[in-house]
Amino acid sequence: MQISIIGTGYVGLTTGVCLAELGHKVLCVDNDEEKIKKLVSGIIPIYEPGLDKLIKKNAKRIKFSSQIKDAVKYGEVIFIAVGTPSNPDGSPDLSYIENVAREIAKWLDEYKVIVEKSTVPVETAQWIKKTIDKYKKNNVEFDVVSNPEFLREGTAVNDFLHPDRIVLGVESKRAEKIMLKVYQKIKSPKIVVDTKSAELIKHASNSFLATKISFINAVANICELTGADIEKVALGMGLDKRIGKEFLKAGIGYGGSCFPKDVDAFIWIAEKVGYNFGILKEVKKVNQHQIELFIKKVEDTLWILKDKTIGILGLSFKPNTDDIRESPAIKVITVLKQKGAKIKAYDPKAVEKMKQIFPDIEYCRSVYDTAKNCDCLLILTEWDEFKKMDLKRIKQLMVHPTIIDGRNIFEPQKITKLGFIYKSIGR
Ligand code: UDX
C-alpha cells in the first residue's frame with residue numbers, strides 16, 4: 001500500500017519506518033524543512049535503537065517531503081502523528097492537528113483514510129472529520145480512524161512490530177477493511193471499536209500505567225517509614241497475575257513526553273465532561289512529591305549543598321533514549337543549582353540535549369570522569385552502563401563515597417559492604 005505519515009517525531013518516524021518494514025511504500029512529511037533535509041541525507045534526528053538499521057534496510061520504500069499536499073496525493077492512508085503539547089491548564093493543544101486537517105482538506109480529491117495516531121482527547125476524530133468536511137474543496141468521501149500508538153521510547157520498533165494489541169477506532173466498514181490491510185502482517189490481536197472508545201483506550205491505558213507507578217512509589221514511601229523493602233513487596237505483588245510485575249518499579253517518578261501530559265489531559269477531559277477524576281489527580285501529586293522526597297534525601301545526607309560537588313548519572317527520562325522531556329533530572333538539577341551545588345553530569349545519550357537547558361554545568365565523558373572529586377553521586381536513570389560500573393574505582397575517585405540512587409540499581413548490602421553511604425528508594 002502507499003501510506004503517508006504527517007509528522008516525523010518519535011511516533012511518526014517509527015511508524016513510517018516500521019510500515020515500510022511491513023512492505024508498504026511510505027512518504028514521511030514534516031513542515032520542518034531542516035529535519036527533512038537531514039532525513040533525506042540519512043541523518044536521523046532522534047536516537048531510537050534499531051531505527052537507523054531499519055531506515056537503511058527499507059530505504060527504497062521510504063520517501064520524505066515537507067509538503068502536506070504530497071502526503072495527500074501519495075497515501076491511500078494518511079497518518080497524522082504531529083505533536084499535542086499541553087496548554088498551561090493541562091488541556092492538550094490541538095492546533096497542530098487542526099492545521100493538518102485543514103491542509104489535508106485543501107488537497108483532498110479522492111477517498112482517503114485519515115488516521116489519528118497522536119494521543120488526543122476523546123471526540124478529536126469527530127472534530128477532524130468536521131474540519132475536513134468544512135474546508136474540503138469538493139464533495140469527496142473520506143474516513144477518519146483512531147489508531148492510538150502504544151510505543152515506548154527505547155523499544156519503539158519492537159513495540160510497533162510486536163504489539164500486545166492493535167486498536168482501530170473506525171466508523172465505517174470500508175475504513176476497517178483498509179486498516180486491517182495496513183496491519184495484515186502483524187499477528188497481534190486487533191480490536192475494532194468506535195473512534196471514541198479507541199481514543200479513551202489510549203488515555204485510560206497510559207493513565208492506568210502512571211497510576212501503577214505512583215501507587216508503588218506511595219508504597220515505597222511506606223516501606224521507608226516501616227523498614228520494609230519495596231523490591232520484595234513489588235515482587236510479591238507482581239507475581240499475582242491480576243497485578244503483573246511490569247510498571248511496579250519504584251523510583252523518582254515517571255517522566256517523558258507521554259505520561260505527565262496524558263495524565264493532565266485525562267484529568268482535563270474528565271473535568272470537561274463533568275467528572276472529577278480524583279484518583280488521577282492524586283497520581284500526579286504523588287509523582288511530583290516523589291522528586292521532592294528525593295531532593296530532601298540528598299539534603300538529609302549532605303546537609304549543606306552550597307559548594308558541594310554533586311555528580312548526576314542519567315539525564316534522559318529513562319534508559320535507551322536521548323529524550324529529556326519531563327525528565328526528573330531537570331527538576332533535580334534546577335533545585336541543586338539554586339542551592340549552590342556544583343553539578344557534574346553524564347548520560348550515555350542525552351548530554352547534547354541537556355546542554356540546551358543547562359549550558360553552564362559541567363558535562364563529563366564517563367561515570368569515572370563524573371565521580372572524580374564528587375561529594376555525592378545521584379543515579380537518576382537506570383542505564384545498564386551504570387549498573388556495571390566499577391564501584392571500587394568510583395570509591396577511590398570520590399571525595400566521599402556517597403551514592404543516592406533514585407532507581408534502585410544496586411543491592412544495598414553489597415554496596416555498603418564496599419564502604420559506600422548508599423540511599424535508595426523504599427528500602
Ligand atoms: C509510554 C507508554 O508506555 C507507551 O505505551 C505510550 O505510547 C507512550 O508513553 P514511554 O514514555 O516511552 O512510553 O516510557 P515508559 O517506558 O512507559 O516509561 C515512562 C516513565 O515511567 C519513565 O519515566 C520511567 O522511568 C517510569 N517508570 C516506568 C517507572 O518509574 N517505573 C516503572 O515501573 C515503569
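The values are calculated or read from the model by the stated rules, or taken from the named source; none is laboratory data. Since the structure is predicted, the reported quantities are computational estimates derived from the model, not experimental observations. Cβ atoms come from the backbone with ideal geometry, glycine included; neighbour counts cover every protein chain shown. Ligands, DNA and RNA are stripped out before the accessible areas are found, and what is left, the full protein with its side chains, is counted by its heavy atoms. Shrake-Rupley method; radii C 1.70, N 1.55, O 1.52, S 1.80 Å.
Contact map, region 87-108: first residue closer than 13 Å to ILE128 by Cα, second residue acidic (Asp, Glu) and not in a loop (DSSP other than H, G, I, E, B), Cβ cut-off under 9 Å, separation 6 or more or different chains; pairs are ILE97/GLU116; ALA105/ASP133. Under 6 Å between Cβ atoms, at least 6 apart or on separate chains: pull out the pairs that start in region 198-227 with a residue that is closer than 25 Å to GLU171 by Cβ and end on any residue that is more than 12 Å from the ligand (Cβ to nearest atom) and not in a helix (DSSP H, G or I). Every condition considered, the pairs that remain are ALA198/SER146; ALA198/GLY169; GLU199/VAL122; GLU199/SER146; LEU200/VAL122. A single entry from VAL298, VAL286 fulfils the requirement of being more than 27 Å from ARG365 (Cα to Cα) and either more than 14 Å from the ligand (Cβ to nearest atom) or in contact with a helix residue (DSSP H, G or I) (Cβ under 9 Å, 6 or more places away or on another chain) (or both): VAL286.
Hey, could you check region 118-135 for residues that are open to solvent by 40 Å² or more (accessible area, probe 1.4 Å) and either part of a loop (DSSP other than H, G, I, E, B) or basic (Lys, Arg) (or both) and say which is farthest from the ligand (Cβ to nearest atom)? Give the steps one after another, and end with the answer.
Filtering region 118-135 for residues open to solvent by 40 Å² or more (accessible area, probe 1.4 Å) gives 123, 126-127, 129-130, 133-135.
Now restrict to residues that are either part of a loop (DSSP other than H, G, I, E, B) or basic (Lys, Arg) (or both): 123, 129-130, 134.
Values: GLU123: 20, LYS129: 24, LYS130: 26, LYS134: 30 Å.
So the residue we want is LYS134.
Scanning region 396-427 for residues that are of a type in the set (A, V, I, L, M, F, W, C) and open to solvent by less than 40 Å² (accessible area, probe 1.4 Å) yields MET398, ILE403, ILE404, ILE409, PHE410, ILE415, PHE420, ILE425. Taking PHE259, is it near the ligand (Cβ under 9 Å from one of its atoms), among the aromatic types (Phe, Trp, Tyr), touching a residue at least 12 places away in the same chain (Cβ under 8 Å) and surrounded by 16 or more Cβ atoms within 10 Å (Cβ to Cβ)? So PHE259 fits the description; yes.
Every test in (1) within 11 Å of the ligand (Cβ to nearest atom); (2) in contact with a helix residue (DSSP H, G or I) (Cβ under 6 Å, 6 or more places away or on another chain); (3) not polar (S, T, N, Q) is passed by PHE277 save one, and that test is (1). The residue that is nearest to GLU153 (Cα to Cα), among those in region 262-275 that are open to solvent by 10 Å² or more (accessible area, probe 1.4 Å) and touching a Leu at 6+ places or on another chain (Cβ under 7 Å), is PHE266. Given the conditions (1) charged (D, E, K, R); (2) closer than 30 Å to PRO45 by Cβ; (3) open to solvent by 80 Å² or more (accessible area, probe 1.4 Å), report the number of the one that ARG393 does not fulfil. Of (1) charged (D, E, K, R); (2) closer than 30 Å to PRO45 by Cβ; (3) open to solvent by 80 Å² or more (accessible area, probe 1.4 Å), only one is false for ARG393: (2). Looking for something within 15 Å of the ligand (Cβ to nearest atom) and under 24 Å from ILE222 (Cα atoms) - is there at least one such residue anywhere in region 311-323? No: region 311-323 contains no residue that is within 15 Å of the ligand (Cβ to nearest atom) and under 24 Å from ILE222 (Cα atoms).
Table: residues versus (1) touching a Lys or Arg at 6+ places or on another chain (Cβ under 9 Å); (2) of a type in the set (Lys, Arg).
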residue: TYR111; (1), (2): yes, no
residue: ILE114; (1), (2): yes, no
residue: PRO121; (1), (2): yes, no
residue: ALA125; (1), (2): yes, no
residue: LYS129; (1), (2): no, yes
residue: LYS134; (1), (2): yes, yes
residue: ASN138; (1), (2): no, no
residue: PHE142; (1), (2): yes, no
residue: ASP159; (1), (2): yes, no
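Taken over region 100-116, the criterion of being open to solvent by less than 10 Å² (accessible area, probe 1.4 Å) and either part of a loop (DSSP other than H, G, I, E, B) or of a type in the set (Ser, Thr, Tyr) (or both) is satisfied by LEU108 alone.
Residues in region 81-99 that are open to solvent by 10 Å² or more (accessible area, probe 1.4 Å) and of a type in the set (A, V, I, L, M): ALA81, VAL82, LEU94. Within the set of pairs 6 or more residues apart or between chains, which connect a residue that is among the aliphatic types (A, V, I, L, M) inside region 137-158 to a residue that is open to solvent by less than 10 Å² (accessible area, probe 1.4 Å) and near the ligand (Cβ under 8 Å from one of its atoms) with Cβ atoms less than 8 Å apart? Close Cβ pairs satisfying both conditions: none exist.
State yes or no: is PHE215 open to solvent by 10 Å² or more (accessible area, probe 1.4 Å), within 12 Å of the ligand (Cβ to nearest atom), out of contact with any Phe, Trp or Tyr (no Cβ under 8 Å at 6 or more places or on another chain) and outside any loop (DSSP other than H, G, I, E, B)? Please lay out each step first, then the result.
On the way: open to solvent by 10 Å² or more (accessible area, probe 1.4 Å): yes; within 12 Å of the ligand (Cβ to nearest atom): yes; out of contact with any Phe, Trp or Tyr (no Cβ under 8 Å at 6 or more places or on another chain): yes; outside any loop (DSSP other than H, G, I, E, B): yes.
The answer is yes for PHE215.
The strands (runs of 3 or more DSSP E) falling completely within region 136-198 that include 2 or more residues that are within 16 Å of the ligand (Cβ to nearest atom) map to 166-169.
Where strands (runs of 3 or more DSSP E) fall entirely within region 1-80, those with at least 1 residues that are surrounded by fewer than 22 Cβ atoms within 10 Å (Cβ to Cβ) are at 2-6, 25-29, 62-65. The requirement of being open to solvent by 10 Å² or more (accessible area, probe 1.4 Å), in contact (Cβ under 8 Å) with a residue 24 or more places away in the chain and more than 25 Å from ILE44 (Cβ to Cβ) is not satisfied by LEU377. Pairing each residue of region 355-367 that is open to solvent by less than 80 Å² (accessible area, probe 1.4 Å) with any residue that is among the small types (Gly, Ala, Ser), provided the two are 6+ apart or on different chains, yields C-beta distances under 6 Å for ILE361/ALA345; TYR363/ALA345.
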